[in-house]
Structure formats: structure tokens, C-alpha cells
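For reference, the structure is listed below as C-alpha cells.
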Amino acid sequence: MTSSTFPPGPTFKSEWKRPFREVSEEISQGLLVHVRKRFERFGDIYFLANRTPVYVTRHPDHVHEVLVTRASSFKKRAQDLDTFLGQGLLTSDGELWRKQRRLIQPAFSHANLVRYAEVMVDLTQQTLAGWRHGEQRDLNREMMELTLAVVCKAVLDYDARRGANDVVAHAMSVLQGTAGLDVLPRWLPNPIHARKKKAADAMDEVIYAIIDERKENPGDDLVSQLLAGTDGEGMERQQLRDELVTLFLAGHETTALALTWAFFLLAQSPGEEAVLHQELDEVLGDRPPTFADLEHLTLPGLIVQESMRMFPPLYFLPRVAKEDTEVGGYPLAAGSEVLLWIYFMHHDERWFPKPGEFRPQRFLPNSDMLRHRHAYAPFGAGPRACLGKNFALIEAQLLLAAIAQRFRVRLVPGQDVKLNPRVTLGPRAPIQMILEARRR
Ligand code: HEM
């Protein structure tokens, strides 16, 4: 235990003494700059003496402590996502979470992943068939539509692109657009909440219709499996709905962002792009990639990992202490919050030399560029680590390979791409790409 009870941190007095211009500039530059400067001032862990005490850390040992070794002393922080996701895996806690996780885990078995891989490549080929050389498109939006289609088809056998006004796609985009903004109390007339509710109701209608149909005619899909249950005790309709919505949300935006940033980085790294193309040409030639090819493809995996290091889609993870505990040697009272800054852990020179440079090779086995075994955590860690990690890694590699095999992504010149740190780490404005066909 350290000698002081609290980590250092800003106090009313210390902030008040700083020139107003310095503080206001820092805040106006955005959340990431603000937090980075605080780490520079106070070190790896700092303390905010708010009404709820907050501990903010970027150190891999602290992250590991909170997520893994002391995981049972912490719970997730309630977020505004709850109203949309209900009691799905991402938001639930305790016994309910444990039971649901056990039930849903088999959906990500090896056999199922092989099956899903086919869906991933098929849907990518369908998308690519609509792309034309020289065309300009919104990179992030293309990735969102594709990854949503993949997860809907894989999990629900639902075709999310049956029309431009697809209700599931619409609901997901409303949820993403309003994430973090729906903070007013429910009893106040609230247009954001009303919009979310309308989109969620329309989506629920579709989902419940599918659930009811599978109840009548069970197949070997995930919905039928969850309805039947492993021990004859199937999932309730409402619970199943919550889990499916959770999988749609957790399972598409994150992967879409990983791909968006991967293409964004590749477009600015001609050397890395050339090596990727060479490998794709050698291993695949003209045929689309398959699950089995992943064993022989190195670059897509390295690129995806490095992109998620530089731009982790879930860039900070909040937790609340359920009981009195500690972190980094500091005692923590029950109810305190801990913010784990994955983004700053991934950008720390001590663990990742030249952290601002896109260097996929740092993820090669035996690379001496990974200097702390807990410093890389795009999927979290411990019991609440990402359930879809393998699904996501397979999907990101296959989609990257299938797209890069056919098209070079160029960025429309003059774009000032800025980060938009909300629930996930996306771009502030659409990233416009120009497609260049590799084979015509
Ligand atoms: C690149 C893509 C992805 C990234 C970076 C990612 C990241 C994460 C992270 C960091 C967590 C832990 C959150 C926390 O500790 O607070 C998480 C949880 C979760 N993820 Fe993912 N994820 C991705 C893709 C997916 C996919 C494809 C699925 C499902 C199809 C999925 C389903 C889930 C679920 C259900 C949880 C909650 C697990 C639990 O609490 O038991 N994720 N994800």
C-alpha cells in the first residue's frame, strides 16, 4: 500500500490557480487532450474528488488488477445504453450475467465460427459487387452496414439489407448517434429519448416476429438454440430480445471501427499496403478468402491488431467498486469509480516504442516491441472480456483481406480526420474514400 491515501489529482485550489486560458484551451481541445495532460501532470493514476470519487488510470498493472485479479470487487457502470439494451450481456451483472454468458458462449464455438466465416465473405462479396472504380464513399458507413449485415445474418439469420429503411440498421444508427446524450431524467419530455424509443419499438417488432417464428419452426440457429436452452430451460422472450440487440450492437460498431481505422491507416502507409497486397496475391490469387486461409495470411491479423492499438474501438472502460477494495496500492471505498484508459495504455512509449507510428510488425511473435504483457487490451480482459473476440478477429481479417484484394482505399485529399470519443472511438465526420480497383 502506498503512503498516501489518494493518488494525486486536480483539486479545486490547484485548478483555480491555473490560468483560465490554459484550462479552457485544454477542455476545448477535447477529451483526449484533456486526459493526456492530466496523466502528464499527475502520473499513471490520478484522483478526482467528485461527489463520487473517481480514479483514472492508464497503467497496465492497474487495468489487470481491476479487470482480472480483483474483478469480483467491481461491476460495470450503468450507462444510458441500458434503456435500449435492457438486461443483455453487456449491461447485466451477477447471477443473470453468469447464466446468460454460459448460455450464449456456445454460439462462438469453433464450428460456428467456421460457418459464420462463410457468411462474412459472402456478404462482403455482395457489397464489393456494388463498388465501382473511382467512386467516392463514406468509409465508416460502408463498414457499419457490412458488419451489421454480418452479425444479423450470423446470429439471427436476418438479412439487414432488405431495404434502405431497414429497421434494425435504423435503430442501431439512432442508438449510435445519441450515445451519451440521453442523460435527462425520464420524467422530463425528452426528444432524444423519444426518438430512441420509437426506433427501438420498431426494431423489437422485427425481432419478436423472428423469435416467434423460430419458436414455431426451430432450426439450428442461435435463436432456436437459446429458446430451447441447454438444460430444457429456455430463455424468456424479453431476455432473448435483450441478448440479440446486445449482440447486434456490441458485434458490429466495434468491428466496423476497427476496419475503418485499418483502411484509414493503410491508405497513408503505402509500404505496409504493398506488403499486404503481395501476400494476398500470393496466398489467394483471385479467389475470395476462406476461414482456412487465415492460417496462411499474416498481414491482415497484424494490421487489425495494430489498428486497434492505435484506435481501440472501446477506448476506456469504466467500473464501479462493489465493495471496499484497492487499485495500484490505493484503498478504494465501495461506490468509487475507476476509469481504465485503454487508449493511453496503448499509446505509452514505455510499452509500445514510437506509439504514434503505424507498425503492424510490432505484433509479430517474438517482437521486442511489446514490453508489458498486459498493455494491450482492445477486447478488455478477465471474466467480462469480449465474448465475440474470435468472431471479431476472424471477421476483421476476412473483410480486410476480401476488400484489399479487390480495391485500394484512397482518402479524399484535404480531409481533417478528427477523433470523436463517445462510447466508442469513431471519426468526428465521415471519412470519404475513393475506390481504386486493383483488377479491372
Ligand atoms: C473489433 C471488435 C470488437 C472489440 C474491439 C470489442 C471490444 C469489447 C470490449 C473491450 C469488451 C469489454 C467491455 C468491458 O469490459 O467493459 C467487450 C464486451 C463484449 N463484446 Fe465485444 N468487441 C468487439 C466485437 C464483438 C463482437 C463481434 C461481438 C459479438 C458478435 C461482441 C460481443 C461482446 C459482448 C456480448 C460483450 C459483453 C461480454 C460480457 O460482459 O460478458 N464484441 N467487447
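Observations on the model:
- Condition met for Ala385 (touching a His at 6+ places or on another chain (Cβ under 9 Å) and aliphatic (A, V, I, L, M)): no
- Leading residue by the ranking (farthest from Val304 (Cα to Cα)) among those in the range 344-357 that are out of contact with any Pro (no Cβ under 9 Å at 6 or more places or on another chain) and buried (at least 20 other Cβ atoms within 10 Å of the Cβ): Phe344
- Test for Leu249: is it within 14 Å of the ligand (Cβ to nearest atom) and more than 29 Å from Arg137 (Cα to Cα): no
- Test result for Pro365, within 11 Å of the ligand (Cβ to nearest atom) and under 16 Å from Ile303 (Cα atoms): no
- Considering the range 386-401, and only residues there that are within 14 Å of Ser307 (Cβ to Cβ) and within 7 Å of the ligand (Cβ to nearest atom), the residue that is surrounded by the most Cβ atoms within 10 Å (Cβ to Cβ) turns out to be Glu395.
- Matching strands (runs of 3 or more DSSP E) fully within the range 310-398 where at least 1 residues are of a type in the set (Val, Ile, Thr): 317-321, 325-327, 337-340
- Scan the range 109-120 for residues that are more than 18 Å from Leu148 (Cβ to Cβ) and either in contact with a Leu (Cβ under 7 Å, 6 or more places away or on another chain) or part of a helix (DSSP H, G or I) (or both) and the total you get is 6.
- Lone unmet requirement of (1) surrounded by fewer than 13 Cβ atoms within 10 Å (Cβ to Cβ); (2) modelled with pLDDT of 90 or more; (3) assigned to a helix (DSSP H, G or I) for Arg132: (3)
- For the residues His59, His34, the requirement of being modelled with pLDDT of 95 or more and under 17 Å from Tyr315 (Cβ atoms) singles out His59.
- Some residue of the range 39-54 being surrounded by 19 or more Cβ atoms within 10 Å (Cβ to Cβ), under 23 Å from the mean Cα position of the chain (by Cα) and among the β-branched types (Val, Ile, Thr): no
- For Glu65, the criteria (1) surrounded by 12 or more Cβ atoms within 10 Å (Cβ to Cβ); (2) modelled with pLDDT under 95 hold in every case but one, which is (2).
- Arg373 meets the conditions (1) over 29 Å from Ala49 (Cβ atoms); (2) modelled with pLDDT of 95 or more in every case but one. The failed one is (2).
- In summary, Arg350 fulfils each of the numbered conditions (1) basic (Lys, Arg); (2) touching a residue at least 40 places away in the same chain (Cβ under 8 Å); (3) away from the ligand (no atom under 15 Å from the Cβ) with the single exception of condition (2).
- Any hit, the range 264-279, residues being within 11 Å of the ligand (Cβ to nearest atom) and among the aromatic types (Phe, Trp, Tyr): no
- Checking Arg137, Arg141 one by one, the residue that is basic (Lys, Arg), more than 11 Å from the ligand (Cβ to nearest atom), under 18 Å from Ser173 (Cβ atoms) and within 21 Å of the chain's Cα centre (by Cα) is Arg141 and no other.
- For beta carbons closer than 6 Å, sequence separation of 6+ or different chains, a first residue in the range 103-126 that is under 17 Å from Cys152 (Cβ atoms) and a second that is among the basic types (Lys, Arg), the qualifying pairs are Val119/Lys153.
- Among the residues of the range 302-343, those that are in contact with a Lys or Arg (Cβ under 7 Å, 6 or more places away or on another chain) and either surrounded by fewer than 21 Cβ atoms within 10 Å (Cβ to Cβ) or of a type in the set (D, E, K, R) (or both) comprise Glu306, Pro318, Arg319, Val320, Lys322, Thr325, Ala334, Glu337.
- Residue-level check: of (1) surrounded by 11 or more Cβ atoms within 10 Å (Cβ to Cβ); (2) over 13 Å from Leu339 (Cβ atoms); (3) at pLDDT 85 or above, Gln29 misses just (3).
- Only one of the listed residues (Ala437, Ala404, Ala375) is within 16 Å of the ligand (Cβ to nearest atom), small (Gly, Ala, Ser) and either touching a residue at least 12 places away in the same chain (Cβ under 8 Å) or in contact with a Ser or Thr (Cβ under 7 Å, 6 or more places away or on another chain) (or both). That residue is Ala375.
- Unmet criterion (only one of (1) within 16 Å of the ligand (Cβ to nearest atom); (2) buried (at least 17 other Cβ atoms within 10 Å of the Cβ); (3) modelled with pLDDT of 95 or more; (4) not hydroxyl-bearing (Ser, Thr, Tyr)) for Pro383: (2)
The values are calculated or read from the model by the stated rules, or taken from the named source; none is laboratory data. This one's a predicted model, so the numbers in the text were calculated from it and none came from an experiment. Backbone-built Cβ (ideal geometry, glycine too); neighbour counts: all protein chains shown.
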